[in-house]
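For reference, the structure is listed below as structure tokens.
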Amino acid sequence: MSPTNKERIKWRPTLLQISTAICVIFSLLVAMLMVLFVIPQQISIVETRLDNAARQSLVRLGPSVADPILTRQYEFLYDRLNKQIENDDTWVRLQVLDATGQQIYPLGEWDTVLTPNQHIVFADIGSAPNLIGRLALVVDHEFAIGESLRLTFILTAALFLIIALTLISVVLFLQAAISRPVIGLTSAFKLMAKGDFDYALPQARSREISYLVQEFSRFRRRTFGYQASLIQLKEDAEQANEAKSRFMSRMSHELRTPLNSVLGFSELALNESKLAPEQRRQLEAIHQSGQHLLDLVNEILDLSRLESDTLEVTLEPVYLPDILDQCHLMTTPFAASHKVSLTVLPIDPSVCCVLADPLRLKQVLINLLSNAIKYNQDNGRVYVEVEAGASNTVFIRVRDTGIGFTQQETAQIFVPFERLNKSAATVDGTGIGLSISKRLVELMNGSIDVHSVEGVGSEFSISLRAAEVSASESDKILDAACCKPIHHLNEATEADIELQPDPDLSRAQSDIQPVLATNLHILVAEDNAINQLLFQTQLESLGYRCTLVGDGLEALSALENTQYDLLLTDISMPNLGGLELTKKIRSGESALKEKGVHMPIVACSANAMNDDQVSGIDAGVDAYLTKPFQKAQLADVLHSAFSAKQST
Amino acid sequence: MFDRLTNLAGLIAFATALSLSVPVIAANNYVVGVVPQFATQIISSTWEPLLEELAAKTGDTFELVIETDITQFEVTFERGDYDIAYMNPWHAVIAFETQGYVPIVKDGANSLKGILIVKADSQISEVSQLDNAEIAFPSPNALSASLLVRTELATLHGLTVTPLYVRTHPSVYLNVALGKSLAGGGVLRTLRAQPQSLQDQVKIIYETREVSPHPIVAHPSISPEARLKIANALLEIAAEPEGAALFAGIPMQQPMSAKLEEYLALRDWRLREFYVAN
């Protein structure tokens, strides 16, 4: 129920209020009827009747005074009339005129002025032509009307009392029979919505409400059953999903180990100059396929983390010009290979900073740029622009002049593995890049939107919260982010791209510059024989000496006997794993109490999950490599580790 | 006054002597008549206690008889039906002449005289202005208010008037106040008893000569001893406070013994000429 509805209901009257209002209106109507009709009518009737009664009395009085008038024995007349007036409360004064019209009673002046309640009635004494005289009587009905009204008021009050008692009884009955059970049911409904299925239902006194309560009870039992089965289903689904995530995580790990060998050895083989052109093409195909497989594994891993909510982002102010520069640099060779021009439009300084995870933002932007390039036409264009949005947001738009897609396709574009039919055949892709991008942007409190016109081009807009930060701070942040050893793409020059159509392969080859390792001795702990061989080959080609051991225990005994310059260890090994090994070495170093003794340790694992890296750093490793890695990455990491050691 | 006291002393002395000399007189039954100038009930409530008291004093029994009107009363006493009667002075004269009734007790406080009234705003101030006028009177033979006034208007002032008899004194006053009659005959006592509003509307222009008030008379068949015994008993009652109150109701303020001569003087006033015989 919307809040406005709730408000509206709050203003509706309760049954009690409605009943009371009806009572009041009814009472007012009765009162109005009494005041405006009954009482005036009653007064009028009473007055008429009293006047008639007075006239009758007067007519009867006539004969009894006729004789005294005729005989002029006025004492009898006066006695008679005085007594009559004395005895009758309503008689105010009497006048007697004789046949000549002379007033013979009373003795004084006759007052002709009447008060509002006084009426005058007349009666002849005798009849024409023997008219003896005439009687005029002023009567005052005030007392009689007052009495009559008093009775009416008593009657009305009694009527009101009866009505009030009846209505109060009805209201109380309604309250008990309807309002109270309904309020009880409402509470039961509310609590049921909160998950309480045991709230005691109200006692109903009427059949209708009994049915209602009974039906509600049945409904609640059924709902309880549904909810229980829903909860069970949800738990089952969650378990299944968890199992899937575990499976995917495990899969990616298991796939990385052989991929490491495939990529490593194919890379090494490609460095051989004595290859026949046919062999080189085949090796390149192996390396390319391996690289694609690795991308796929990485994205599946991201997706599984996103689905299991284990992927975390760290929001910080990100300086957009730097990040866009890097993305531009990284995708330029790819753009060139597709004959697409890539332009970052000038950025207004006021919108140069957003709140985001720099690494993940870069991942999203590269994904969008790659798509814009991949699905473009020959000599197509890609533009990146940044502009301010409403309420402190910043839009990053990636616009292309590509093939575009229809409205229908727009709805599917962020669904994992839903590749658009027409492109699926012609363009490489995993089909989950955009869905990952969407979720990443949402994790960064942003949103991603798309507008496309088929055959004209598409525009992807990322909306992120704006951040206030100085350019220098932003630089530092970005530098720190770029130095982390985990990323799949490296910078490449345009010259390289021209020579090598495949950016990944060209980068791998351009980075192979033999380092003068000056005969440094590295201990390699690795349980997989093929990977042992790969390490040995890569390290020797980089000019290092190496000794191979199968697990942590062997590594420890090797370290006891021989002085090594660096330890390169796998994480998951039998007997003693890489993390435990590192911990033992570090505790041994601190036990020596000799300052400056620090064995550089580089951990290397197919566990690409974030947690693994964190626990590696906690255990005391100096650098962390995720399998599969390229020789150049290995070279970088080793170089950094040695540099750090020398600097200490 | 002195004469009266002497009379009373003489009477008492005589009565005492008589009662001593004749210790036992046989018990008699007397019929008592009262002039019906008031309502029967009033007369009855006034006279019955007095007669009981009188019976207790004398050992005789007294039977009160009240006629419905004065005419019937006159017929009755002229026939001599009453042993003892209370009547006006002129009736006393008639009663003496017809049956030989003699007064035994009278009211010594008030003497009677008639008055003639006209409307207060009337131009009439002299009786001479009333020649040939219609004048209201209670009844023809009402002594002071009617008989005395009519007699004097004719015999002393030589006027001829048209009398209208309206039964009661208040009716006379009302006729005058209402302007129905130019003048009316009454007595001061009854005029003063009228409401002030009525009194204010009339004025007195003439008063008659005085006569002795109503006497209690006794029939000549009653022996002089018995008459004296009754008179003494009445005066004894009047001397007691309770008895005085009973007499006041008659009304008789100051009872004293009466003489026939006082009343026979009325015969010279030519009242008989104006008396309306039944």
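Within the stretch A:108-127, one or more residues are at positive phi and modelled with pLDDT under 90. A count restricted to the stretch A:386-400 and to residues that are touching a Ser or Thr at 6+ places or on another chain (Cβ under 9 Å), under 19 Å from A:L369 (Cα atoms) and not aromatic (F, W, Y) stands at 6. Farther than 26 Å from B:A245 by Cα and either of a type in the set (V, I, T) or in contact with a Cys (Cβ under 8 Å, 6 or more places away or on another chain) (or both) - does that describe any residue in the stretch B:49-67? Within the stretch B:49-67, not a single residue is farther than 26 Å from B:A245 by Cα and either of a type in the set (V, I, T) or in contact with a Cys (Cβ under 8 Å, 6 or more places away or on another chain) (or both).
For the stretch B:159-171, indicate whether the set of residues that are touching a Lys or Arg at 6+ places or on another chain (Cβ under 6 Å) and part of a loop (DSSP other than H, G, I, E, B) is non-empty. Checking the stretch B:159-171: at least one residue is touching a Lys or Arg at 6+ places or on another chain (Cβ under 6 Å) and part of a loop (DSSP other than H, G, I, E, B).
Each residue in the stretch B:169-191 was checked for being within 23 Å of the chain's Cα centre (by Cα), touching a residue at least 60 places away in the same chain (Cβ under 8 Å), surrounded by fewer than 24 Cβ atoms within 10 Å (Cβ to Cβ) and within 14 Å of chain A (Cβ to nearest Cβ), and 1 of them qualify. Taking the numbered list (1) away from chain B (no Cβ under 14 Å); (2) in contact (Cβ under 8 Å) with a residue 40 or more places away in the chain; (3) closer than 12 Å to A:L137 by Cα in turn, A:A66 passes all entries but (3). So if I check each of B:I205, B:I230, which one is touching a helix residue (DSSP H, G or I) at 6+ places or on another chain (Cβ under 7 Å), more than 14 Å from every other protein chain (Cβ to nearest Cβ) and surrounded by 18 or more Cβ atoms within 10 Å (Cβ to Cβ)? Residue meeting the stated conditions: B:I230. Is it the case that the stretch A:307-322 has a residue that's assigned by TED's automatic domain parsing to the domain that holds A:A466 and more than 32 Å from the chain's Cα centre (by Cα)? Within the stretch A:307-322 (the criterion being assigned by TED's automatic domain parsing to the domain that holds A:A466 and more than 32 Å from the chain's Cα centre (by Cα)), the answer is yes, since at least one residue qualifies. Taking the condition touching a residue at least 24 places away in the same chain (Cβ under 8 Å), under 30 Å from A:Q203 (Cβ atoms) and surrounded by 15 or more Cβ atoms within 10 Å (Cβ to Cβ), does A:V182 pass? Yes, satisfied. Within the stretch A:1-50, the set of residues being basic (K, R) and closer than 30 Å to A:H141 by Cα comprises A:R49 only.
Just give me the residues in the stretch A:282-313 being farther than 26 Å from A:L268 by Cα and either among the hydroxyl-bearing types (S, T, Y) or not in a helix (DSSP H, G or I) (or both), in sequence order. Within the stretch A:282-313, A:S304, A:S308, A:D309, A:T310, A:L311, A:E312, A:V313 qualify. What are the residues in the stretch B:113-141 that are within 14 Å of chain A (Cβ to nearest Cβ) and in a loop (DSSP other than H, G, I, E, B), if any? Matches in the stretch B:113-141: B:A120, B:D121, B:P138, B:S139.
Would you be able to say whether some residue in the stretch B:192-199 is of a type outside the set (S, T, N, Q), away from chain A (no Cβ under 11 Å) and surrounded by 15 or more Cβ atoms within 10 Å (Cβ to Cβ)? So far as the stretch B:192-199 goes, no, none of its residues is of a type outside the set (S, T, N, Q), away from chain A (no Cβ under 11 Å) and surrounded by 15 or more Cβ atoms within 10 Å (Cβ to Cβ).
In summary, B:R209 fulfils each of the numbered conditions (1) in a loop (DSSP other than H, G, I, E, B); (2) closer than 30 Å to B:D60 by Cβ with the single exception of condition (2).
Scanning the stretch A:313-330 for residues that are of a type outside the set (A, V, I, L, M) and touching a helix residue (DSSP H, G or I) at 6+ places or on another chain (Cβ under 7 Å) yields A:E316, A:P317, A:Y319, A:D322, A:Q326, A:C327. Annotation for the stretch B:57-69: at least one member residue is in a helix (DSSP H, G or I) and touching a residue at least 60 places away in the same chain (Cβ under 8 Å). Restrict the check to the stretch A:12-22 and report whether at least one residue is assigned by TED's automatic domain parsing to the domain that holds A:R93, in a helix (DSSP H, G or I), surrounded by 10 or more Cβ atoms within 10 Å (Cβ to Cβ) and at pLDDT 85 or above. Checked the stretch A:12-22: at least one residue is assigned by TED's automatic domain parsing to the domain that holds A:R93, in a helix (DSSP H, G or I), surrounded by 10 or more Cβ atoms within 10 Å (Cβ to Cβ) and at pLDDT 85 or above.
Here the stretch A:47-89 is the region considered, the condition is being at negative phi and outside any helix (DSSP H, G or I), and the residue that is farthest from the chain's Cα centre (by Cα) is A:Q73. Scanning the stretch B:142-158 for residues that are surrounded by 24 or more Cβ atoms within 10 Å (Cβ to Cβ) and either within 9 Å of chain A (Cβ to nearest Cβ) or in a loop (DSSP other than H, G, I, E, B) (or both) yields a count of 1.
The values are calculated or read from the model by the stated rules, or taken from the named source; none is laboratory data. Since we're looking at a predicted model, the values are computed, not measured. Note: ideal-geometry Cβ built from the backbone for every residue, glycine included; neighbour counts use all protein chains shown.
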